[in-house]
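*Asks:* Following this message is one structure expressed as structure tokens.
The values are calculated or read from the model by the stated rules, or taken from the named source; none is laboratory data. Worth saying up front: this structure is predicted, and the values here are computed from it rather than measured. Every residue, glycine among them, receives a Cβ derived from its backbone with ideal geometry; neighbour counts consider all protein chains shown.
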Amino acid sequence: MTARLIDGKAFAADLRARVKAEVAAMRAKGITPGLAVVLVGEDPASQVYVRSKGRMTREVGMNSFEHRLPAETPQADLLTLIGRLNADPAVNGILVQLPLPGHMDQSAILDAVDPAKDVDGFHVLNVGRLAAGQKAMVPCTPLGCLMLLRDQLGDLAGRNALVIGRSNIVGKPMAQLLLRDNATVTVAHSRTANLPDLCRRADIVVAAVGHARFVKGDWIKPGATVIDVGINRTDDRLVGDVDSDAARQVAGAITPVPGGVGPMTIACLLANTLTAAARANG
Ligand code: GUN
């Protein structure tokens, strides 16, 4: 069997087009949604992400506000900026790019963002709402993965899903989203025993570990749907967390890297910003 490739790039382009149409309708009523992105320091990968977030924000007709601060910015200054953005009615979404410099208390920063403008879904109130099954801002990468899974599989009820990785950004919210869709969810991590055996039982595998080609082809259940969240730079190219050449021989469907989950993250960020703007003006 050769796996179907899940075209996240095309799905994301379609989602952005839908967001763009809704933004146009809001603008016709005099409301332009705005997204503020805050970057502290000069992490090269973060700079690339922030630039492309700004470009895509403008492409869908929203206002993009970029705030770049030096790495040595005192935490109090960043909190002051967040306070200003919270109070600014032109700003509907606020994203503080991670990672933050080591001297900052990440939780204190993320929890300073107005939960209604927390388009990353990282504020503890949104984390709690998601876990409690309430309406929440949902983190963009797992939300994008969920959209791809629903598109591939339809109803996820009763499916065995394995999430590999337990980060606050991907693994934990991914598990909550799959539970909300009635999948049977296992969360694996660096201390999990018998990971290959667990994986062989999974109808859905979401790999978010941050190690190149960590998930081997012979761990995949024939016909399974594999979502590869990893973006790892090797000598010559970008590869995911799944050994994709081998997994493609076994899986039913798999996201490529690049062109799978990556483009969905920014598209979902724009969708969350639109939602925040609609709520703020509704
Ligand atoms: N760094 C890596 N992924 C993300 C993300 O989804 N949001 C933010 N704010 N920072 C990140």
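*Asks:* Looking for whichever is within 15 Å of the ligand (Cβ to nearest atom), at pLDDT 95 or above and among the polar types (S, T, N, Q) here; the options are Thr255, Thr225, Thr273. Which one fits?
*Replies:* The unique qualifying residue is Thr273.
*Asks:* Being in a helix (DSSP H, G or I), within 14 Å of the ligand (Cβ to nearest atom) and touching a residue at least 12 places away in the same chain (Cβ under 8 Å) is the filter here; which residues of the stretch 86-127 pass it?
*Replies:* If the condition is that a residue be in a helix (DSSP H, G or I), within 14 Å of the ligand (Cβ to nearest atom) and touching a residue at least 12 places away in the same chain (Cβ under 8 Å), then Ser107, Ile109, Leu110, Lys117, Asn126, Val127 are the ones that fit.
*Asks:* To continue, here is another question. Can you find, within the stretch 151-178, the residue that is farthest from Arg4 (Cα to Cα) among those that are in contact (Cβ under 8 Å) with a residue 60 or more places away in the chain and outside any helix (DSSP H, G or I)?
*Replies:* Ile169
*Asks:* Would you confirm whether any residue within the stretch 203-222 is within 16 Å of the ligand (Cβ to nearest atom), under 30 Å from Ala87 (Cβ atoms), in the same structural domain as Asp155 (by TED's automatic domain parsing) and crowded, with 23+ Cβ neighbours inside 10 Å?
*Replies:* Scanning the stretch 203-222, I find no residue that is within 16 Å of the ligand (Cβ to nearest atom), under 30 Å from Ala87 (Cβ atoms), in the same structural domain as Asp155 (by TED's automatic domain parsing) and crowded, with 23+ Cβ neighbours inside 10 Å, so the answer is no.
*Asks:* Can you tell me which condition Leu130 does not meet? The list is (1) aliphatic (A, V, I, L, M); (2) under 21 Å from Val185 (Cβ atoms); (3) free of Cβ contacts under 8 Å to residues at least 40 places away in the same chain, and all the others hold.
*Replies:* Status for Leu130: all satisfied but (3).
*Asks:* Tally up the residues in the stretch 176-201 that are under 20 Å from Gly8 (Cβ atoms) and crowded, with 22+ Cβ neighbours inside 10 Å, please.
*Replies:* Total satisfying the criteria: 3.
*Asks:* Could you tell me how many of the residues in the stretch 22-60 are in a loop (DSSP other than H, G, I, E, B), in contact with a strand residue (DSSP E or B) (Cβ under 9 Å, 6 or more places away or on another chain) and within 14 Å of the ligand (Cβ to nearest atom)?
*Replies:* Residues that pass the stated criteria total 1.
*Asks:* Could I ask something else about it? How about the stretch 126-175: which of its residues are among the aliphatic types (A, V, I, L, M), surrounded by fewer than 17 Cβ atoms within 10 Å (Cβ to Cβ) and outside the structural domain of Gly223 (by TED's automatic domain parsing)?
*Replies:* If the condition is that a residue be among the aliphatic types (A, V, I, L, M), surrounded by fewer than 17 Cβ atoms within 10 Å (Cβ to Cβ) and outside the structural domain of Gly223 (by TED's automatic domain parsing), then Ala131, Ala132 are the ones that fit.
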